[in-house]
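The values are calculated or read from the model by the stated rules, or taken from the named source; none is laboratory data. Nothing here was measured: the structure is a model prediction, and the numbers come from that model. Cβ placement follows ideal geometry from the backbone for every residue including glycine, while neighbour counts extend to all protein chains displayed. These area figures cover heavy atoms from the full protein model, side chains too; ligands, DNA and RNA do not enter into them. Shrake-Rupley method; radii C 1.70, N 1.55, O 1.52, S 1.80 Å.
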Amino acid sequence: MQKLSDNIVEIEDLKVELMSVDGIVTAVRGVDLKVMRGRIHGIVGESGCGKSVMTKSIMRLHDEKKTAYSGKIFFDGEEITGLKEKRLRELRGKDIAMIFQNPMTSLSPIMKIGEQISEAILAKSDISKEEAKTKTLEILEMVGITPAADRYEMYPFELSGGLLQRVMIAMAMVNEPRLLIADEPTTALDVTIQAQILNLMKKMQKDTGVTIIFITHDLGVIAEMCDTVSVMYAGKVVETASVMELFDKPAHPYTKALLDSMPKGSDTRDRLTTIQGAPPSLSMNIKGCSFAPRCKYACDKCKSEEPKMTKLDVRHTSTCLFAAELYKKGEIAIGN
Amino acid sequence: MATKLVEVKHIKKYFPVGKDSFLHAVDDVSFEIEKGEIYGIVGESGSGKSTIGRCILRLLEIDEGEVFFAKERIDDQTKSQMAPIRPQMQMVFQNPLASFNPKKYIGATFRELGKVYHLSKEELNERIINLLELINLPADVLARMPNQLSGGQLQRLAVARCLLLNPKFIVADEPVSALDVSVQAQILNLILDLRDKMGLTILFISHDLNVVQRICDKVAVVYLGTIVEQATKEELFLHTAHPYTKALMNVKPIEHPSLRSDKEVLMGDIPSAVDVKEGCRFAGRCPKCEKGLCDCVTPPLVAINENHFVACHHPL
């Protein structure tokens, strides 16, 4: 057996095309990404930037008939893109688990929550029903759903959104996955409940060492949770850095603009900083840098030349022609 | 001396649930909004913040209490008495796509409004042109269908639409919650413009303390249908007095990873607002709850100073 590498997930030049009623949407347009083992890796971007499509591809959850992949995805050395359905089924729910934004739609409304978790255990291991129940009660206790024995018997409609998200986390973690993909897990929740869920996820990560890919549109959540962050725009990863570096020395104009437009309570300026325009449609070809039409630094070169990934530090990359300048000076001299 | 534009006195709105049970959506809420200010209402889902906004506009009828608009009592007026008042108070909703007719061109939606209020064609066109300039959109959006526009563009059009009849007062109910950060800022700036350039008065309903702190002049924090704390923005954020407000501040999304800390996180869920009993509504989750007092006696909203009110037996 080969030695485990530092990266649990490696994505190389991934492109994902989805067939939709309006034609072909190239939702992911050449993503390169490495996710380090045992870390919380945040993926941040606005709606329609391809963050969910990209991460769902790691589990190959798209309708295969309507999806075309190119590029490679490695999960612990195994190439996902070429795997047979049988092997994928083994991985899903066992080695790679996922939680979604809306727990109510991820659970069966007509089955007790305890039974749903037990079912997830029984699908992946050869233990008796009684053992599965014991294991379920343990995990319910662990995620703070108490008294576990009573809650085991409850149906989803009897629980609040926050508790249901705990059920989802329990179900995802019960088979001790190596990778947990969390797609906007707190977006539908109130702030006080969001804080509880984030704390729980941090605790579970510490206790089990699981790697988490955390998808969100909220930079506040990124600041709170993640070790490493990748920023996505128009189907591409435009910048990857440690969370501190990203907030202190953003090296892509989009990242910088996003950080500037965060409403900060302490901010006393007259007006908020905005990003003009809207992201491009992903059903069209994009020439040059996809952010150029909205970028205040953009020059002619940006509109014609597709920027390559620039390495700024060991773990800091940016796809901007002027990344190095922005990284060093915090600004780009207009008119280069 | 600033003048009051909106005044709400002891309003109550109970929704019947099942037999003999009531959901106390708004329970004895009073506040005043001065002309030209942005008044924020912040609270979690189910706190009654949207219901308060709707009650003021009479999109919902209150069960008890009084609502005054420009010194005139409006909660007991008839439909025809309300007619001239309605255009003066408008609303912007959370989901812009849901607040436009999906089968009508944007222009038609605007023209319909002009027709209802008997604006002449010239006047209507002039107003539309001015408004499009204000929201910074080209005139060809009028020939588009709602689904052809982005959420940010539609929300700006929703703001423009509610300005068409020259209102004095706008209720903005979570106007940026459905939008991405980069467009959120555009809408927030527009709302600030409405206050600063047009002198409008705005009730801004939100769950996001960062946004509220950024744009509001005064803030009321609501929990389960009651105001637990109300103050000018500076007072509220500098001298937080209610444990619930404090709890909200603790979980406010941080601005930078260096601000991570092990702040106390509020436990439990928001309880049900059905048939609420006497006592402080926050008692069950409050770290400072005193048994026998907080869970039995409802604390009144009292002044700490002239700009700061709190409903708590043990304010911080």
Are there trypsin sites (Lys or Arg not before Pro) in the range B:1-34 that DSSP marks as loop and that have at most 12 other Cβ atoms within 10 Å, and which are they?
-> B:19
To the nearest 20 debye, the protein assembly as shown has a Cα-centred charge dipole, built from +1 on Lys and Arg Cβ and -1 on Asp and Glu Cβ, of 1340 debye
How many angstrom lie between the C-alpha centres of the range A:175-208 and the range A:115-157?
-> 18 Å
Where does helix B:106-116 land angle-wise versus the long Cα axis of chain B, in degrees 0 to 90, nearest 10?
-> 90 degrees
Compute the accessible area per residue over chain A, keeping the other protein chains in place, probe 1.4 Å, unit Å².
-> 45 Å²
Considering only protein heavy atoms and a 1.4 Å probe, what is the carbon-and-sulfur percentage of the accessible area of the protein assembly as shown?
-> 52 percent
Can you check what the net charge comes to around residue A:69, using other residues whose Cβ is under 13 Å from the Cβ of residue A:69 (Lys, Arg +1; Asp, Glu -1)?
-> +1
Let me know the charge dipole size of the range B:42-117 about its Cα centre in debye, to the nearest 20, where only the beta-carbon of Lys, Arg (+1) and Asp, Glu (-1) is charged.
-> 580 debye
Projected onto their principal axes, the Cα atoms of the range B:63-200 stretch, largest extent first, over whole-Å spans of 42, 35, 30
With 10 Å bins from 0: P(r) over the range B:4-310, alpha-carbon pairs, percent = 6, 25, 33, 23, 11, 3, 0
With Cα springs under 10 Å, the Gaussian network model of chain A assigns the largest mean-square fluctuation among A:127, A:222, A:275 to A:127
Accessible area of the range B:1-157 divided out per residue, in Å², using a probe of 1.4 angstrom = 53 Å²
With Rh as the Kirkwood radius over Cα pairs, the range A:240-295 has Rg/Rh of 1.04
Between residue A:22 and residue B:108, what is the spin-label point distance in nm, taking each point 7 Å from the Cα along the Cα→C-beta axis?
-> 2.0 nm
Exceeding the 32 Å Cα-Cα cut-off - candidates A:124/A:311; A:66/A:287; B:71/B:277 | A:124/A:311; B:71/B:277
Tell me, in nm to one decimal, what length is gained between residue B:101 and residue B:278 on full extension, where the rule is 0.36 nm per residue of separation less the Cα-Cα distance?
-> 59.3 nm
Trypsin sites (Lys or Arg not before Pro), restricted to the range A:234-336: which are DSSP loop and have at most 15 other Cβ atoms within 10 Å?
-> A:269, A:271, A:287, A:296, A:308, A:315
Please list the non-local residues whose amide H lies under 5 Å from the amide H of residue A:99, H modeled 1.01 Å from N, same-chain partners needing a gap of 5 or more.
-> A:181, A:182, A:183
Computed [θ] at 222 nm, helices only, for chain A once each DSSP H run of length n ≥ 4 contributes -39500 (n - 2.57) | -9500 deg cm²/dmol
At most 13 other Cβ within 10 Å, DSSP loop - trypsin sites (Lys or Arg not before Pro), the range A:64-136 | A:84
Averaged over peptide A:213-226, how many Cβ atoms belonging to another chain are found within 10 Å of each residue's Cβ?
-> 3
For the range A:85-243, the Rg and Dmax computed from alpha carbons only, in angstrom | 15.9, 49
Between residue A:305 and residue A:12, the two model label points (7 Å from Cα along the beta-carbon direction) sit apart by a distance in nm of 2.6 nm
Ordering A:225, A:284 from largest to smallest accessible area (1.4 angstrom probe), what's the sequence?
-> A:284, A:225
Compactness index (Cα Rg / 2.2 N^0.38 Å), chain A | 1.05
Output the pairs from A:15/A:86; A:203/B:49; A:65/A:236; B:263/B:288 with a Cα-Cα distance over 26 Å in this structure; if there are none, say none.
-> A:203/B:49
Find the sum over both chains of the accessible area lost when A and B are paired, probe 1.4 Å, and report it in Å² to the nearest 100.
-> 3400 Å²
Paramagnetic reach from residue B:2 in the range B:40-84 [backbone N under 12 Å; point 7 Å along Cα→Cβ] | B:40
Gyration tensor over alpha-carbon atoms, the range B:1-148, equivalent ellipsoid semi-axes in Å | 32, 20, 16
By a straight-distance test (C-alpha under 20 Å), which aspartates and glutamates pair with residue B:291 as possible cross-link partners, with residues fewer than eight away in the same chain excluded?
-> B:269, B:278
Return the long-range amide H neighbours of residue B:170 (sequence gap of 5 or more, or a different chain), with a cut-off of under 5 Å between placed amide H atoms.
-> B:90, B:201, B:202, B:203
Where q = 0.23 Å⁻¹, what log10 of I(q)/I(0) comes from the Debye formula for the range B:195-312, counting one point per Cα?
-> -1.45
Label point 7 Å beyond Cα of residue B:306 along Cβ direction - residues of the range B:22-55 with amide nitrogen under 18 Å | B:32-35
Ellipticity estimate at 222 nm from DSSP helix runs (n ≥ 4, -39,500 (n - 2.57)) divided over chain B, nearest 500 | -8500 deg cm²/dmol
May I ask you to derive the FRET efficiency for residue A:315 and residue B:262 from their Cβ-Cβ distance with R0 = 30 Å, giving the value to the nearest 0.05?
-> 0.70
With springs only between Cα atoms under 10 Å, which of B:289, B:216, B:162 fluctuates most in a Gaussian network model of chain B?
-> B:289
If each K or R counts +1 and each D or E counts -1, the residues other than residue A:107 whose Cβ falls under 15 Å of its Cβ total -1
Work out the FRET efficiency for residue A:328 and residue A:154 from their Cβ-Cβ distance, taking R0 = 45 Å, and round it to the nearest 0.05.
-> 0.20
Simple label model, 7 Å out from Cα along Cβ direction - residue A:5 to residue A:141, nm = 4.0 nm
Highest-MSF residue in chain B out of B:39, B:244, B:105 [GNM, Cα springs under 10 Å] | B:105
What is the sum of charges around residue B:131, taking Lys and Arg as +1, Asp and Glu as -1, for the other residues whose C-beta is under 11 Å from the C-beta of residue B:131?
-> +1
With all protein chains present and a 1.4 Å probe, how do A:151, B:54 order by accessible area, largest first?
-> B:54, A:151
With point charges of +1 on the Cβ of Lys and Arg and -1 on the Cβ of Asp and Glu, referenced to the Cα centre of the protein assembly as shown, which listed residue (A:91, B:59, B:265) lies farthest in the positive direction of the dipole?
-> A:91
Log entry: pair-distance distribution for the range B:44-126, C-alpha pairs binned every 5 Å from zero, whole % per bin is 3, 11, 18, 18, 17, 16, 11, 4, 1
Descending Cα extents along the principal axes, the range A:103-148, whole Å | 28, 21, 14
Relative to the compact-globule estimate 2.2 N^0.38 Å (N residues), the Cα gyration radius of the protein assembly as shown stands at a ratio of 1.02
